2 protein chains.
Amino acid sequence: MSDAAPLDGLRVLEISSFVASPLCGLTLAQLGAEVIRIDPIGGAGDQHRWPLAPSGTSIYWTGLNKNKKSVTLNFRDPEAQRLVADLVAASGPGGGIVVTNAVGRPWLGYDQLAKVRPDVIHLQILGHHDGRPAVDYTINAGLGFPMITGPEGHLGPVNHVLPAWDVACGLYAAIGVLSAERHRRSTGQGRRITLALEDVALAVAGHLGFLAEARLTGADRPRIGNHLYGGFARDFATADGKRVMVATVTGRHFADLAAATGLAGAFAELERLLGADFAVDGDRYEHREVIASLLAPWFAGRDLADVAQGLAGTSVLWSPYRQFTDVVADLAGNSMLHEIDQPGVGTVPAAASPLEQDGRPEPSPASRLGADTAEVLAGLLGLSATRIRDLTEHGVIG
Amino acid sequence: MSDAAPLDGLRVLEISSFVASPLCGLTLAQLGAEVIRIDPIGGAGDQHRWPLAPSGTSIYWTGLNKNKKSVTLNFRDPEAQRLVADLVAASGPGGGIVVTNAVGRPWLGYDQLAKVRPDVIHLQILGHHDGRPAVDYTINAGLGFPMITGPEGHLGPVNHVLPAWDVACGLYAAIGVLSAERHRRSTGQGRRITLALEDVALAVAGHLGFLAEARLTGADRPRIGNHLYGGFARDFATADGKRVMVATVTGRHFADLAAATGLAGAFAELERLLGADFAVDGDRYEHREVIASLLAPWFAGRDLADVAQGLAGTSVLWSPYRQFTDVVADLAGNSMLHEIDQPGVGTVPAAASPLEQDGRPEPSPASRLGADTAEVLAGLLGLSATRIRDLTEHGVIG
């Protein structure tokens, strides 16, 4: 077994904004890659994205740009554009990797960069497949999830708060980089990859069966509140005003839930009455309302602590619902989470990679925007202090 | 540039169920890896997961197990357990990679498998960090998103329908495999990795700023319906009973929206009145209700086609809401999506990897459960037909 970070030696240039491409860089950085985020002077569109700290520093930006170096250049200046090409060319055998969601900038495109480095790995994130821009919330609207999310009987869409497609897109991008670099190490060949947020969403929905189901049935799933489609899972209120999510995704889970709540006999009677078998996913789902009605009093009659005690030692999957303030009050004992001192923000919890392994780097604070410009240009391109001062004075670098 | 699949030569053994670990294997398979899913005879807990085709075949299972080989073994039989170790040992220089969410099976653990193959890469997916089981819906309940999702004024949690944490976990697992294999190719060293669904969710929430925000403010975000936190985005109804999602995540988007709707003058007056600047994210967010009130009549007075015409050529990000049946009726022209003939299901749309590149394999149907057992054991372990018949007769393999 190794105790080194798995991506030692990898070097990635990220020209990015918002969630997907920054999360790609962050993910690689937290496994040991050197990631250099290059922004326009003053920052990209996400520089002041909410939430903000009282100082005005973006908690969001600093959260997504931990463990990276920050370089700022005047993107409109041909000399700055050449510096990017120089960085691609000079970034060593584990470098020559560009991840970007910027469009309409030929100097950042595969064709231009392959001229200075034929083995460049270039990953372009797009909104729609055809190049039209999009964000997570418009992609999600176009896909179908908002119409089957939310309380039964609710009319209209329910948007998600977690930008799940952005997150998946950023992780797919990291997979794209790593797979391309593997191939380059075998063959010496670079690669041009495009990744559309729309395609990420369609692929995932397809893999999970949503597209094939709609094709086969010609119908849309109903909106079923907090129930689980094709099984039995739901939220229940407890006597002390808390709420718990309870899930049975196998027959064993359900049998354990029936036993723990003292309802095994009642459910057996109900199965006979209905001609159902609650060990079967579809039968639990079909009869979800009557099952829930029988279970609800058990939860409603107990405080959360008693519910926990009653379900302890069973296979039943359950959790109290919590707010984020509850979550941050209860982070102790998780080796992934560290308290970091993020300039402009304060001492806050920050996560390392969830991939727990020897050599996993600790989270380190995001650089101040542009803080590493001189160091990167001197280190990778060998620019002198005089030259860097000159570029700064002429507004080429920030 | 290369025209080969990037992961040619990689071989992964997946002992898995439900979403996360199967999605890991699928993701690697759709980039060219040979992925062998090993199930207990009769299938794992996800074999009959909904949605189901009329034949009873799981659309979900076949969706998540495309492009793989399927092997079935009697997991309780020590001889079958030895076959798994033999496969790990014999799977070649790009093999010796195990991804599993199975727990409580020492013969599948890192320690055992490292004895037969010291450079094994072993990725163990867990529910909670401490090893307690969990599923996406219980993790999500414990994290905070359900309490800030859904219509303003709604009481109680709103669960997501997309198992977003499972998806992210599966993609992180693929990243874990690829990064570990990169390091093994450099150093010859294997790696033990654990990945908890809970940690995936905490890390992503942390990266997006939810944890630091809750720590700094001591308060939870409000439930704001379909509005976007810290910007201006919302759904609007059109004259013909459709609904659209409209997002402005930069000042330019908002200025374009104001111009396209003929409201630039009204918004300028409103900014003066309120002392606000709608080019600033926070000001658009603070005054979201009055902004929405002014915009709503423009949408309500137009059919969807006219809304589309009015916003065409602007930077405004928008999309009609659709149902899944709308989505599958409109898949033409996307090179990622193919029609495949999935035995037991029928001809259905199936996605290749969203990472578009030369050499991307096409989606191929999931194998029938256990269909590749003999081929894999003969090919990798050199077992004779007689021996395979013998193992089948003794119930060691399926």
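The values are calculated or read from the model by the stated rules, or taken from the named source; none is laboratory data. Since the structure is predicted, the reported quantities are computational estimates derived from the model, not experimental observations. Note that we place each Cβ from the backbone using ideal geometry, even for glycine, and neighbour counts take in every protein chain shown. The area values use the complete protein model at the heavy-atom level, side chains included, leaving out ligands, DNA and RNA. Shrake-Rupley method; radii C 1.70, N 1.55, O 1.52, S 1.80 Å.
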Add +1 for every Lys or Arg and -1 for every Asp or Glu among the other residues with Cβ under 11 Å from the Cβ of residue A:364, and state the total. +1
Total charge of the residues flanking residue B:232 in space, meaning their Cβ is under 14 Å from its Cβ, with Lys and Arg +1 and Asp and Glu -1, is -3
Considering every residue in B:58-70, what mean count of other chain Cβ atoms within 10 Å of its Cβ is obtained? 3
I'd like the distance between the alpha-carbon centres of region B:44-97 and region A:211-273, rounded to an integer number of Å. 26 Å
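Would you mind getting the accessible area per residue of the protein assembly as shown, heavy atoms of the protein chains only, 1.4 Å probe, in Å²?
Roughly 35 Å² per residue, with all protein chains present.
Ratio of Rg to Rh for region B:229-352, alpha carbon only, Kirkwood?
1.13
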Region B:124-165: relative contact order as a whole-number percent, Cα under 8 Å and 6+ apart: 32 percent
Select from B:163, B:133, B:106 the residue whose mean-square fluctuation is largest in a Gaussian network model of chain B (Cα-Cα springs shorter than 10 Å). B:106
With the 8 Å Cα cutoff and a minimum separation of six or more residues, chain B has a relative contact order in percent of 21 percent
Can you check what the net charge comes to around residue B:256, using other residues whose Cβ is under 15 Å from the Cβ of residue B:256 (Lys, Arg +1; Asp, Glu -1)? +3
Can you compute the helix-only [θ] at 222 nm over chain A? Use -39500 (n - 2.57) per DSSP H run of at least 4 residues, normalise by all residues, nearest 500 deg cm²/dmol. -11500 deg cm²/dmol
Residue farthest toward the positive end of the dipole of the protein assembly as shown, with Cβ of Lys/Arg at +1 and Asp/Glu at -1: which of A:249, A:30, A:103? A:30
With the full set of protein chains in place, find how many percent of the accessible area of region B:50-100 is carbon and sulfur; take the probe as 1.4 Å. 54 percent
Would you be so kind as to list the residues of region A:342-359 that have their accessible area lowered by at least 10 Å² in the full protein complex compared with their chain by itself (1.4 Å probe)? A:345, A:347, A:348, A:349, A:351, A:354, A:355, A:356, A:357
Taking θ = phi - 60°, what integer Hz values does the Karplus form 6.51 cos²θ - 1.76 cosθ + 1.60 yield along region B:124-134, in sequence order, with x for Gly and Pro? 9, 8, 10, x, 7, 3, 8, x, 4, x, 7
Rounded to whole Å, sorted largest first: equivalent-ellipsoid semi-axes of region A:286-398, Cα gyration tensor: 54, 16, 14
By Kyte-Doolittle mean hydropathy of at least -1.0 and Cα axial length of at least 24 Å, which whole DSSP H helices of chain B are selected? B:164-187
Each residue of B:122-133 has, on average, a number of other protein chain C-beta atoms within 10 Å of its C-beta equal to 2
Please compute, over every Cα-Cα pair in region B:180-297, the percentage with a separation greater than 25 angstrom. 46 percent
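Where in chain A is the longest stretch that carries no trypsin sites (Lys or Arg not before Pro) classed as loop by DSSP and with at most 14 other Cβ atoms within 10 Å?
A:77-367
Rounded to two decimals, what is Rg over Rh for region B:48-120 when you use alpha-carbon atoms and the Kirkwood radius?
Checking Rg against Rh, the ratio lands at 1.06.
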Tell me which residues come under 5 Å, amide H to amide H, from residue A:321 once H is placed; ignore anything under 5 positions away on its chain. A:243, A:244, A:245
Equivalent-ellipsoid semi-axes (√(5λ), Cα gyration tensor) for region A:122-253, whole Å, largest first? 35, 19, 15
Could you tell me the ratio Rg/Rh of the protein assembly as shown? Both radii from Cα atoms, Rh via Kirkwood. 0.96
With heavy atoms of protein chains only and a 1.4 Å probe, what residues of region A:221-246 have at least 40 Å² less accessible area in the full set of chains than alone? A:226, A:228, A:229, A:245
Descending semi-axes in Å of chain B, equivalent ellipsoid built from Cα gyration tensor: 49, 24, 19
Pick out which of B:259, B:371, B:351 has the largest mean-square fluctuation in a Gaussian network model of chain B, springs linking Cα atoms closer than 10 Å. B:259
Estimate for me the total accessible surface buried between chains B and A (protein heavy atoms, probe 1.4 Å, no ligands or nucleic acids), in Å² to the nearest 100. 12500 Å²
